[in-house]
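Below: one structure, written as structure tokens.
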């Protein structure tokens with residue numbers, strides 16, 4: 001620890017010189033990036049730029065894919081999560097994840113939201129309170145409070161995705177990783193999810209992978225532009241959109257990227 | 001030209017009606033062959049000398065139900081191991097072996113069961129259980145002197161074991177396919193919440209694969225209750241209820257194959273016997289039909305339950 005300079009107090013996740021390779025291919029190339037408290041960072045870039053791989057390294061989901069080799073460090077509150085002494089299960093409980101498709105489990109709405117608490121054997125009153133709170137924070141409570149026992153799969157796609165957000169929030173993570181969470185949703189449902197995320201960024205660190213520049217413009221504080229596994233440019237959303245310093249960034253955000 | 005077109009319009013219906021026609025033909029001709037002679041009170045009774053079927057129905061369920069339970073538990077274990085825990089190269093070896101086992105003809109199981117498994121289990125397992133597990137209901141031999149008979153191995157217990165092995169491949173591969181169909185991101189969602197592989201298997205993957213599990217149960221039961229040759233060879237055929245697990249008895253299917261010869265030959269009561277076997281076949285057919293319908297209903301209900309549709 002002592003060899004590394006102390007991080008500024010509001011840095012929650014610090015990615016340091018991260019490289020991910022698969023066989024001979026480099027997916028992430030010496031990437032360094034900090035994520036600050038109370039902020040929503042949009043990670044944008046063309047398909048295949050490595051943004052999904054990148055977000056999956058943040059909570060060690062990369063380990064579930066065979067043949068990926070991760071080098072460098074991802075520090076969560078100063079601690080390198082790739083340290084051999086760190087249990088990935090603990091990392092994942094601190095950094096929740098929401099996927100492209102809604103991934104509700106085949107059980108009731110309530111049990112979905114309670115899943116992360118059930119597996120650690122949380123007492124019933126605690127589960128009740130946490131589920132209610134998580135559903136409120138995810139902006140789903142008003143729609144489902146009368147029918148918490150209904151199968152979660154009977155909800156609409158947008159509601160399912162907000163339930164997945166609630167499920168991740170129920171274990172009180174400090175960071176929420178979202179991998180193109182609205183790519184399977186219609187515009188109205190997308191708008192609800194975006195409103196939910198905007199409400200959340202006051203409380204936790206949000207990392208949003210998206211291929212949609214419009215979405216990044218609407219809700220992010222900061223944009224990180226990735227290309228070929230490299231971080232091309234990162235800065236406040238308005239700066240990146242209005243005054244990109246790199247030609248490639250400009251081409252991508254104006255839709256002229258070939 | 002016109003004729004040709006009409007033919008083109010009707011042929012799918014003709015083909016589609018074949019299964020229905022076949023089912024009706026089987027039921028109708030069997031009913032005719034049976035002459036409906038025995039469907040009286042005694043038919044549903046235990047008195048085998050009076051053509052009662054209850055002994056055989058009991059025998060069928062006594063073998064099929066435990067075999068199904070074992071095959072489901074072991075099959076689910078293999079399916080979970082292969083889809084979730086085994087290294088990929090091991091699963092790649094194991095999975096085709098299971099598929100291969102599913103295709104072994106039942107006569108092979110029968111011969112193997114009778115000549116190899118029966119004496120082995122008789123000497124090494126059943127003799128031991130008869131002495132040491134006699135306190136379990138059904139495991140106590142009728143007489144102490146019956147140990148040499150138990151050592152031959154054939155009887156109800158062996159029939160259950162052979163049946164379990166016979167239906168195990170089909171239950172395993174159906175459940176394995178259902179578990180393989182669980183979407184990858186559903187798995188990852190569970191793991192991303194800090195669940196272990198076992199927790200995701202138990203709480204997410206198996207419930208997601210519920211339809212496959214029910215399908216395996218009903219298909220496995222259908223096979224177990226209809227299995228004929230192998231059961232006949234290892235059950236120590238006897239037209240009576242078993243008094244313990246080492247005892248011989250008969251299932252509906254094993255009785256039919258065991259009596260068909262004597263029913264066909266000289267035997268003056270042969271005509272009656274043939275009627276009786278046809279009736280028994282009808283009962284067996286109705287049971288499998290009922291299981292099939294129950295299975296379909298159950299699978300649809302599970303779907304509604306999970307998806308809320």
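Only Cα pairs under 8 Å and 6+ residues apart enter the sum, and on that basis the relative contact order of the range B:1-119 stands at 7 percent.
With a Förster radius of 45 Å applied to the C-beta separation of residue B:115 and residue A:149, the computed FRET efficiency comes to 0.20.
Expressed in nm to one decimal, what extension gain is obtained for the pair residue A:24 and residue A:63 from 0.36 nm per residue of sequence separation less their Cα-Cα distance? Extending this stretch completely gives an extra 12.3 nm.
Protection proxy ranking for A:60-72, A:174-186, using the average of other Cβ atoms within 10 Å per residue and placing the highest first: A:174-186, A:60-72. Taking the DSSP beta bridges with both ends in the protein assembly as shown, the antiparallel portion is around 60 percent. The packing ranking, built from the mean of other Cβ atoms within 10 Å per residue, places the peptides B:57-64, B:82-89, A:114-121 in the order B:57-64, A:114-121, B:82-89, highest first.
Per residue of peptide A:97-105, the mean number of Cβ atoms on other chains within 10 Å of the residue Cβ is 5. Taking the C-alpha atoms only, the angle from helix A:187-200 to the longest principal axis of chain A is near 80 degrees. Here is the P(r) of chain A: all C-alpha pair distances, binned every 5 Å from 0, give 1, 6, 13, 17, 18, 17, 13, 8, 4, 2, 0, 0 in whole percents. The angle between the Cα long axis of helix A:157-169 and the longest principal axis of the Cα atoms of chain A comes to about 80 degrees, rounded to the nearest 10. Normalised by the number of residues in chain B, the mean separation of alpha-carbon contacts (under 8 Å, six or more apart) gives a relative contact order of 26 percent. Computed from the alpha carbon atoms alone, the convex hull of the range B:60-202 holds 148 Å³ per residue.
Looking at the square roots a ≥ b ≥ c of the eigenvalues of the Cα gyration tensor of the range B:177-241, which shape do they give, rounded for a/c under 1.5, prolate if a/b is larger than b/c, or oblate? Taking the square roots of the gyration eigenvalues as a ≥ b ≥ c, the range B:177-241 is prolate.
Each part reduced to its alpha carbon centroid, the range B:79-99 and the range B:13-50 end up 43 Å apart. For peptide B:182-189, the mean count of partner chain Cβ atoms within 10 Å of a residue's Cβ comes to 6. Working from label points 7 Å from Cα in the Cα-to-Cβ sense, the residue B:17 to residue B:197 distance is 5.5 nm. By its C-alpha gyration tensor, with a ≥ b ≥ c as the square roots of the eigenvalues, how is the range B:14-132 shaped: rounded for a/c under 1.5, else prolate for a/b larger than b/c, else oblate? Cα axes put the range B:14-132 in the oblate bin. If one takes the longest principal axis of the Cα atoms in chain A, at what angle in degrees, from 0 to 90 and to the nearest 10, does the Cα axis of helix A:124-137 lie? With both axes taken from Cα atoms, the answer is about 60 degrees.
Under the shape rule built on the C-alpha gyration tensor, where the axes satisfy a ≥ b ≥ c, the protein assembly as shown is prolate, since a/c reaches at least 1.5 and a/b is greater than b/c. Packing-based ranking of A:24-36, B:227-239 yields B:227-239, A:24-36, ordered from highest to lowest mean Cβ neighbour count within 10 Å.
FYI, it's all coordinate maths here, none of it is from the lab. Everything numeric in this text was worked out from a predicted model, so none of it was measured. Because the Cβ atoms are built from the backbone with ideal geometry, glycine has one as well, and the counts that use them run over all protein chains shown.
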